[in-house]
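As structure tokens, the structure follows; a few thoughts come after it.
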Amino acid sequence: MLYRINTILKLSPQHQLIKNIRFMGTTTHKAASIEDSTRIDPFNLEEFNVSEVVREIHAELKKESAKSELTELSKYYFDGGGKMVRPIISMCTAHAYNCHTNISDPLVYQKQRQVALISEMIHTASLVHDDILDRAETRRGKQSINTKWSLQKSTIAGDFILGVSSKMLAKIDNPDVIQILSQVLADLVEGEFQQLSTIEDESERFEQYLSKSFNKTASLMAYSCKANACLSGASQQEVNNCFQYGRNVGISFQLVDDLLDFVASADQLGKPAAGSDLKLGLATAPVLFAARQYPHLNDLIQRRFVQQGDVEQAFQLVVDSDGLVKTKNLAQKHIAEAVKALETLTDSKYKQGLVTICDKVLNRLK
Amino acid sequence: MRRALQPLYRGITGAIQSASHAQTSGQTVRYLTGAGAKGVGSDGKQDPTIHTQKRLIGSQALEEEPVLSPSLILETDLRTMFSEIHMELESELSKDSELKNMATYYFDGKGKALRPVIALCIGHAFNAHTNQEKNADLVKKQRLVAIISEMIHTASLIHDDILDHAETRRGRASVNTVWTPAKSTFAGDYVLAVCSKLIARTNNQEVITLLSNVLTDLVHGELMQMQNKKEEDERFQDYIDKSFNKTASLMAYSCQANAVLSGATKEECNSAFKYGKHIGISFQLVDDLLDFVSSADLLGKPAAADLQLGLATAPVLFACKKFPELNQLISRRFSEPGDVEYAYECAIKSGLEETRELARNHSQEAMDNLAGIKDSLFKRTLAHLCHTVTTRIK
């Protein structure tokens, strides 16, 4: 890992920045030491069987699509090329809370696994509709669904994935879980609309950004964690703690995403980079922080960087300012909150896994 | 040729108009409880459509009983429904949010609200059958199912209008014209998300499972509409299947859900499903018929729209028997110049009567399924609904 970072670092000031940010310090854990947590890597755990997740989703979609074109359409984004962060967080949470409440009923775990699948499907359905809205041309290094097929077919592909996931949700046979996960889709849509609008009042902008980040990213993680804690029979307090874990990890995830948009290169990310949020007119944390140092940025934010030279100017100002550092600090703060939420949880290798996830979210390169 | 046929379809539209005029005018109640119930119109002359209604009711031996307009009976239920829907959609959104305006745009109370009416009537009718009329909690849940059915329907309208590039609906600009198609997609998703929460609130596993079937059916229907069955002899069945998916499925499952809630037996719940299924198919058949005979102002959306969208519906499919060359036009989805006009003429000449007859058969089938249900005001209303669905003009 270190060697790889160094080879990249030779390249440019932006990449020098990556080094500074990466080594600013990893999280301090009260629950486990860093060496302990790196032993359990949830992203490599056999039992989570992430490739199985993809296969199972394919099977559910195929079952409902009756050999129509919907099979190919709906499976398109479930190609195993995604990070699978959500299902992993979901399943790790499930195991951790099952250890805590001492549940070993395989039926419970079955349902929790369904929650993981459903969360991934809701997420992907919204990506499909997202790409239509943003007129995206690529995703994960390949042609976007709306470019490969018509807008009509992409719309119904998204609807189909939602429809199948709602049937799966019904089968879980738990109205609380259904209520919890239904909130996710509502939040995703609200987040999308928030992203499309620009707040006039500068002082409200950061709050709006955090609210949007919750809705677009953290909501899904938070609610799927909550649903799984619920299924494990945990107490209300513990269920709420689990929600806070998911929420803080999610917000941190988005902050790091927005940070990487400024510093990582396109090949690593798999989607257009270096200011692509700016090009979409989006003012994310680094920009909002930078605007406090360079108030002139507020005008550019207000007009969503449409004028000639706006994107370049904003990009430069962000790099010159302490915006990136502040973003990383905020991400760290949320991760610390996430770890804190796990305090009262019984120790287990899965709890350590949840801590490792925090580490990975904070220090990822893509 | 057109001129010679004018008396024929004037006759059909005339019949439709006189029946609906009676229904839409304020005189509905008097008309039906007085002379109307005996097959005579308010002007004292024999009205063929009332005779049909009488026949329907006659099969239930109810011809002496007055039938009331559903919108009057359910007035209390319906009056607050749209404000409740608004409340559910707006509850978590900020006051001036664009999403709020988009999501509530089609819930303007101007639609027919047919689905909630059907769901509520089935609910009440089955409650009367199982002696649960006084169960307030039960009625509340059935009302929730009715609200859900209207919301799922509207969410699908939003996506439909985007897919069809529609410009108007119910006499005003469509949601995708006022805002953008892409944003409208999300508005539709939002309505579905809120629906999903409401479905969970019914707290009844069977109901939740039944209603969750609707979404995938809707998508299948949409996809079927985009494609053409290659085999000509499969086309009609395909059209009926698509009509089930796109229209009847929602009605069928919400009827079944409300029967389940009332505590009816499995067989009775299946009958409720079949009522919804057949009235839904009848409704779609008449919808497709009206696309050929009604004017745009009356419908609130463009007329002859189906052909322009490349869709071959019942009137055209029936017309194929007399005009087999239509099959080729169907295969190419009326894409060549003159196709739409030719298909229109053929359908007007020979597809309409059979479509109406089929609609009547399905309505009858719907009502026959309720034969085993105890008589009540709501059961009679369900019969009246069957009649209204087949004789409406918009």
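The values are calculated or read from the model by the stated rules, or taken from the named source; none is laboratory data. Bear in mind the structure is a predicted one, so any value in this text is a computation, not a measurement. Here the Cβ is made from the backbone with ideal geometry for all residues, glycine too, and neighbour counts use every protein chain on show. Heavy atoms of the whole protein, side chains included, go into the accessibility calculation; ligands, DNA and RNA do not. Shrake-Rupley method; radii C 1.70, N 1.55, O 1.52, S 1.80 Å.
Does the range A:338-346 contain any residue that is open to solvent by 10 Å² or more (accessible area, probe 1.4 Å) and within 30 Å of A:Leu278 (Cα to Cα)? No, the range A:338-346 contains no residue that is open to solvent by 10 Å² or more (accessible area, probe 1.4 Å) and within 30 Å of A:Leu278 (Cα to Cα). Within the range B:85-137, the residues that satisfy the criterion of being aliphatic (A, V, I, L, M), part of a helix (DSSP H, G or I) and closer than 18 Å to A:Ala186 by Cβ are B:Ile85, B:Met87, B:Leu89, B:Leu99, B:Met102, B:Ala103. With respect to being at pLDDT 90 or above, open to solvent by 40 Å² or more (accessible area, probe 1.4 Å) and touching a helix residue (DSSP H, G or I) at 6+ places or on another chain (Cβ under 7 Å), A:Ser211 fits the description.
In this structure, A:Ser166 does satisfy being without any contact (Cβ under 8 Å) to a residue 24 or more places away in the chain, out of contact with any strand residue (DSSP E or B) (no Cβ under 8 Å at 6 or more places or on another chain) and within 13 Å of chain B (Cβ to nearest Cβ).
Can you name every residue in the range A:148-158 that is out of contact with any Leu (no Cβ under 7 Å at 6 or more places or on another chain) and either in contact (Cβ under 8 Å) with a residue 24 or more places away in the chain or under 26 Å from A:Ser197 (Cβ atoms) (or both)? Within the range A:148-158, A:Lys148, A:Leu151, A:Ser154, A:Gly158 meet the criteria. Going by the conditions given, is B:Lys229 in a helix (DSSP H, G or I) and surrounded by fewer than 23 Cβ atoms within 10 Å (Cβ to Cβ)? Considered against the rule, which asks whether it is in a helix (DSSP H, G or I) and surrounded by fewer than 23 Cβ atoms within 10 Å (Cβ to Cβ), B:Lys229 comes out as no. Apart from one condition, B:Thr209 fits all of (1) modelled with pLDDT of 90 or more; (2) facing chain A (nearest Cβ under 7 Å); (3) within 21 Å of the chain's Cα centre (by Cα); the exception is (3). Of all residue pairs spaced 6 or more apart or on separate chains, those with beta-carbon atoms under 7 Å, a first member in the range A:70-89 that is in a helix (DSSP H, G or I) and a second member that is open to solvent by 30 Å² or more (accessible area, probe 1.4 Å) are A:Thr71/A:Lys62; A:Leu73/A:Trp149; A:Leu73/A:Lys153; A:Lys75/A:His58; A:Pro87/A:Val50; A:Ile88/A:Phe43; A:Ile88/A:Val50.
For the range A:118-129, filtering for residues that are at the interface with chain B (Cβ under 9 Å from one of its Cβ atoms) and open to solvent by 10 Å² or more (accessible area, probe 1.4 Å) leaves 1.
Does A:Arg135 meet the test of being of a type outside the set (S, T, N, Q) and more than 9 Å from chain B (Cβ to nearest Cβ)? Against the criterion (of a type outside the set (S, T, N, Q) and more than 9 Å from chain B (Cβ to nearest Cβ)), A:Arg135 does not qualify. When the range A:325-366 is filtered for residues that are within 24 Å of A:Pro286 (Cβ to Cβ), basic (Lys, Arg) and outside any loop (DSSP other than H, G, I, E, B), the ones remaining, listed by number, are A:Lys326, A:Lys328, A:Lys333, A:Lys360.
Of the residues making up the range A:197-207, those that are surrounded by 14 or more Cβ atoms within 10 Å (Cβ to Cβ) and touching a residue at least 60 places away in the same chain (Cβ under 8 Å) are A:Thr198, A:Glu202, A:Arg205, A:Phe206. Applying the criterion of being within 11 Å of another protein chain (Cβ to nearest Cβ) and under 14 Å from the mean Cα position of the chain (by Cα) to the residues of the range B:142-164, the residue that is farthest from B:Asn127 (Cα to Cα) is B:Ser156.
Starting from residues that are open to solvent by 10 Å² or more (accessible area, probe 1.4 Å) and part of a helix (DSSP H, G or I), keep the ones in the range A:141-161 and report whichever is farthest from the other protein chains (Cβ to nearest Cβ). By that ranking, first place goes to A:Lys148.
Inside the range A:245-315, counting only helices (runs of 4 or more DSSP H) that do not spill past its ends, which hold 1 or more residues that are modelled with pLDDT of 90 or more and surrounded by fewer than 23 Cβ atoms within 10 Å (Cβ to Cβ)?
Details: elements: A:266-269, A:276-279, A:285-293, A:297-302.
Correct list: A:285-293, A:297-302.
Is it the case that some residue within the range A:103-112 is within 14 Å of another protein chain (Cβ to nearest Cβ), within 18 Å of A:Glu52 (Cα to Cα) and either in a helix (DSSP H, G or I) or open to solvent by 10 Å² or more (accessible area, probe 1.4 Å) (or both)? Before you say what the answer is, go through the steps one by one.
Filtering the range A:103-112 for residues within 14 Å of another protein chain (Cβ to nearest Cβ) gives A:111.
Those left that are additionally within 18 Å of A:Glu52 (Cα to Cα): A:111.
Next, from what is left, pick out any that are either in a helix (DSSP H, G or I) or open to solvent by 10 Å² or more (accessible area, probe 1.4 Å) (or both): A:111.
Yes, that holds for at least one residue.
Residues in the range B:122-165 that are in contact with a Lys or Arg (Cβ under 8 Å, 6 or more places away or on another chain) and over 17 Å from B:Thr247 (Cα atoms): how many? Summing the residues that are in contact with a Lys or Arg (Cβ under 8 Å, 6 or more places away or on another chain) and over 17 Å from B:Thr247 (Cα atoms) in the range B:122-165 gives 5. Under the condition of being of a type in the set (Gly, Ala, Ser), open to solvent by less than 20 Å² (accessible area, probe 1.4 Å) and not in a helix (DSSP H, G or I), the residues counted in the range B:368-391 number 1. Filtering the range B:193-206 to residues that are within 8 Å of chain A (Cβ to nearest Cβ), assigned to a helix (DSSP H, G or I) and either of a type in the set (Asp, Glu) or open to solvent by 10 Å² or more (accessible area, probe 1.4 Å) (or both) leaves B:Ser196, B:Lys197, B:Ile199, B:Arg201, B:Gln205.
Can you confirm whether the range B:263-280 contains a residue that is aliphatic (A, V, I, L, M), more than 14 Å from chain A (Cβ to nearest Cβ), part of a helix (DSSP H, G or I) and free of Cβ contacts under 8 Å to residues at least 24 places away in the same chain?
No: zero hits.
Filter the range A:321-335 down to residues that are over 17 Å from A:Tyr245 (Cβ atoms) and among the β-branched types (Val, Ile, Thr) and give me whichever is most open to solvent (accessible area, probe 1.4 Å). If we take residues in the range A:321-335 being over 17 Å from A:Tyr245 (Cβ atoms) and among the β-branched types (Val, Ile, Thr), then A:Val325 is most open to solvent (accessible area, probe 1.4 Å). The residues of the range A:172-181 that are more than 7 Å from every other protein chain (Cβ to nearest Cβ) and without any contact (Cβ under 8 Å) to a residue 60 or more places away in the chain, listed by number, are A:Asp176, A:Ile180. If the condition is being crowded, with 19+ Cβ neighbours inside 10 Å and over 14 Å from B:Ser184 (Cβ atoms), then the range B:101-117 contributes B:Phe107, B:Ala113, B:Leu114, B:Arg115, B:Pro116, B:Val117. Residues in the range A:182-195 that are of a type outside the set (Gly, Ala, Ser) and either touching a residue at least 40 places away in the same chain (Cβ under 8 Å) or facing chain B (nearest Cβ under 7 Å) (or both): A:Gln183, A:Val184, A:Leu185, A:Leu188, A:Val189, A:Glu190, A:Glu192, A:Phe193, A:Gln195.
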